[in-house]
Each structure stands twice: as C-alpha cells, then as structure tokens.
Amino acid sequence: METNIVLNALKMATCRRKLLRTVRLLHRMSGTTPEAIVGSGTEGRGVATMPVTAPPDSLTKPMNFPLKTLMGPGPSNCPPRVLNASALPMLGHLHPEFTQIMDEVKAGIQYAFQTGNKWTLCVSATGHGAMEAAATNLVEEGDVALVCENGLWGQRFADMAQRNGAVVVKLQKPMGTVFSLDEIEKGLTEHKPRVLFITHGESSGTTVQQLPGIGDLCHKHACLLLVDSVAAMGGVPLFMDSWGIDVMYTGAQKVLSAPPGASPISFSDRARQKVQSRKSPPRSYYFDMNHLANYWGCDGEARRYHHTGPISSVYAIREGLARLADVGLEKSWEIHSACAKMLHNGIEELGLELFVKDEAARLPCITGVRVPEGVNWKQVSDLAMKDYRVEISGGLGAMAGKIWRIGLMGYNCTPDNVRLVLRALKHGLEQVGFKTRGGHEK
C-alpha cells in the first residue's frame, strides 16, 4: 500500500517536471514565469489557474429564518414529521427503496384524489409546473381550449395553452364568483373545445367551484375536463373519478403542508389516450407524460432514467400524504369547514366584510376579506407580521390592494390559529386607526 502511494507521488512529480520544461518554452516567448502558468503546486495539481473572486460574505453567516405562522394563501407551515422526512439521507433516484417510496406517494395521491387512474404521479416542480405539464400534454396545435377564468389561474393556463399552440377561448366572470352548469354548457356548445380548464379553488378570488356535472357535460361534447385543485384538494370534498375529471393536479405546499417542489397530477384513461395519440410529441421533454409515467412505474415497464427526481421533496410529500391519510379525507374536510366558519364569524364580528358574497362559493382554505375604505392593507399586514409573526396576504390582479387573503390549510387549519390571526388582524387595524366593533379574544 505504502509502495503504491510513493510510486504515484513519483509519477506525479515526473509529470510536473515534464510540464514545467514544456512551459519554459512558452516563457521564453511570453516572459511569463512557469509557476504562474502551472501554479506553485498548492493551487491544484499543476493545473493553470485564474484569479478567483472572494466568496459572498452572506454565505459565511447562518441563514436568517425567523419562525412565522403562515396564514396566507400558501405555503403552509410544515408539521415536524414532514420536516424530519425532508432531512432523511439521500437515496438513488432509481434505488428500489426510493421507488417503493414513489409507489407509496402514488397510492397516497390516488386516495387524496379519489381515483384509480394508473397515470398518477408527482411532477418534479411546483404547482405551476403541474399546470404546464397538463397544458403541454393535452394541447396540440390548433386545439380549441375553453378556459373558465374567474381569477389568476385561468389567466395563467390560457397563457400556457397559447404557448402550446391552442386556440384559446375564455369564459370570464368577475373574481369572487363561480360558473354555473348552464354557462359552461353554452360555452361547450358554441366553441366545441377539446379541453376545458376550470379552477377548483381559485386562491386569487377565494372561491370554490362546484364540480359535479361538469365532467358529464364535457364528455357529452367530446371534451376533456382539466381541473386545477392546488388550493382546494384535501380541504373540500373531491371525487376525481365519480365527477368525470380527466386531468387534475395540486400542489404540495397547501393542505398537504409539505415544501413546494413535487406536485401531484393524475390523468384518466381518456386523457392518457389523448396524450398517446398525439400527432406530435409534447413540446416539453421534461413534462412529457409518456416518460414521466414510465419513471413513476405507471406503465408496467421497467423504469428508465428520465431525470433525477427531487429525492427530499418526494420524502416530504410522502409524509404530507400520510398525514392526510391519518386524519382521513372526510375529517379533513370537516376541519377545514369548521375553522373557515369560525374565521368568517370572527371577521364579521370585527366589522369587516367577506369578499365572496355567496356562502356556497367561499373557499374554506382561503378567505377573502375586503379592505375597509381608507385603510392601507399593507400597513395592517406588516403590523401583523411585525408584532405577531403572522402572515396575512394581500390581493392579486384586479383585487390587489382591495382584499386580504387568509389561509387555513392542512397543518395550519386549527381553532388556535384562527384566534391568532384574528387577534393579529384586529391589532393591525387598530394601530392604523380603524375602529373595530369588538375584540376576538375567545
């Protein structure tokens, strides 16, 4: 062993001497010293070096991450079991132990979505990535996509569908309102789309769309139903198969209370056939469901390398799904409904107005609250953060500056957190001079 080490050292020294002799020839022509070209030996095995900039000072110090209660539209705080899972040691992304975890994630998604779809998996991306995956797989050049837009997410999908060659037609309603079956059927009859997009939980408008009956209408008109349930799944009743939903996706960071980075998505057999019969491949290799389905063990074939999955994110969402299974879907729906009603009552007790007028259209997971006349929404939110370490978010799009959005999702959906956010909101309002009707000290 020691002899080999000595021999290797001698070989390296000999190579260095030969290299120096060669470099001296360059030295005669350029005037540069051999050591400047080859290095002194301490920089790295005789390889030519360039000046290196200093490391950023910020990376020489610990990260700053104060503990906050995230009561906005997402992400939610993660429970300890999810955080602990994120810190587990790495496994290879095709090791049998990891593919077993992937299979458990698939089963968890099938439970959460209430589906038996074989093409059920996680996209290695946030919810936006899942939306992109749905668009790039379902839409082909010239396909008509009917987009139900009552907030930001219809706008985003319309953009993605257009980028994938779709002819986009919109059904538009104001934020805070939802679509009727008659409105949807009229759009299907008039525009004859191949795909209809609708948002289940519209976090920007804080509405929940009733889905029963839409799938039947779509299939009657030879159209696929695509549902965004990022802000609703796990917080309200959802039955993918029974309601005839063809493609649905959600995010990890909402009710599942896991870090964003792995997003569940599922394709019905009807949607799978549409993807597999495309005239041209999906425009995105990364989001091509033919490859992803194989990587996730959904096609009955040996798994092939497609990309390196986000190992820690898969660990985390596995535990988020396990937590939902432990609680039970029906119990989770009940908890979100009860806490939302408690929050709504508390908001009205403070003398504030709920944004969504129709009680049946209010999303339990995210509540919109109108900002009173003359109140700066951000001052109130900043005070809640400064004095209570509680996040209360503002509006988006047409509602920017006009509403607050308060999230109650997954691990954060508790009566104690409802009381906390109401105290923080009351405090912020009173600090900026708004007189509330009374306290919420219960």
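The values are calculated or read from the model by the stated rules, or taken from the named source; none is laboratory data. These numbers come from a predicted model, not from an experiment. All Cβ positions, glycine included, derive from the backbone under ideal geometry; neighbour counts span all protein chains shown. In case anyone asks, the SASA skips ligands and DNA or RNA and just uses the protein heavy atoms, side chains included. Shrake-Rupley method; radii C 1.70, N 1.55, O 1.52, S 1.80 Å.
Only one of the numbered conditions (1) open to solvent by 50 Å² or more (accessible area, probe 1.4 Å); (2) among the charged types (D, E, K, R); (3) in contact with a strand residue (DSSP E or B) (Cβ under 6 Å, 6 or more places away or on another chain) is not met by Lys220, and that is (3).
Condition check: more than 24 Å from the chain's Cα centre (by Cα) and over 14 Å from Cys413 (Cα atoms). Does Gly351 satisfy that?
yes
The residue that is surrounded by the fewest Cβ atoms within 10 Å (Cβ to Cβ), among those in the range 295-312 that are out of contact with any helix residue (DSSP H, G or I) (no Cβ under 8 Å at 6 or more places or on another chain) and either in contact (Cβ under 8 Å) with a residue 12 or more places away in the chain or not in a loop (DSSP other than H, G, I, E, B) (or both), is Thr308. Exactly one residue out of Val247, Val255, Val236 is surrounded by fewer than 24 Cβ atoms within 10 Å (Cβ to Cβ), out of contact with any Lys or Arg (no Cβ under 8 Å at 6 or more places or on another chain) and aliphatic (A, V, I, L, M), and it is Val236. Within the range 267-294, being open to solvent by 10 Å² or more (accessible area, probe 1.4 Å), in a helix (DSSP H, G or I) and polar (S, T, N, Q) holds for Gln273, Gln276, Asn290.
As a summary of the residue check, Tyr388 satisfies the conditions (1) farther than 22 Å from Arg323 by Cβ; (2) open to solvent by less than 20 Å² (accessible area, probe 1.4 Å) except for the one numbered (2).
Can you tell me how many residues in the range 48-69 are in a loop (DSSP other than H, G, I, E, B), open to solvent by 90 Å² or more (accessible area, probe 1.4 Å) and over 27 Å from Val314 (Cβ atoms)? Summing the residues that are in a loop (DSSP other than H, G, I, E, B), open to solvent by 90 Å² or more (accessible area, probe 1.4 Å) and over 27 Å from Val314 (Cβ atoms) in the range 48-69 gives 8.
The residue pairs whose first member lies in the range 69-94 and is over 18 Å from Leu420 (Cβ atoms), whose second member is not in a helix (DSSP H, G or I), and whose beta carbons are closer than 7 Å, counting only pairs six or more residues apart or on different chains, are Val82/Ser257; Val82/Ala258; Ser86/Pro259; His93/Thr308; His93/Gly309; Leu94/Arg303; Leu94/Tyr305. Just so you know, in the range 70-93 the residues that are buried (at least 21 other Cβ atoms within 10 Å of the Cβ) and in contact with a helix residue (DSSP H, G or I) (Cβ under 8 Å, 6 or more places away or on another chain) include one that is farthest from Ala316 (Cα to Cα), and it is Met71.
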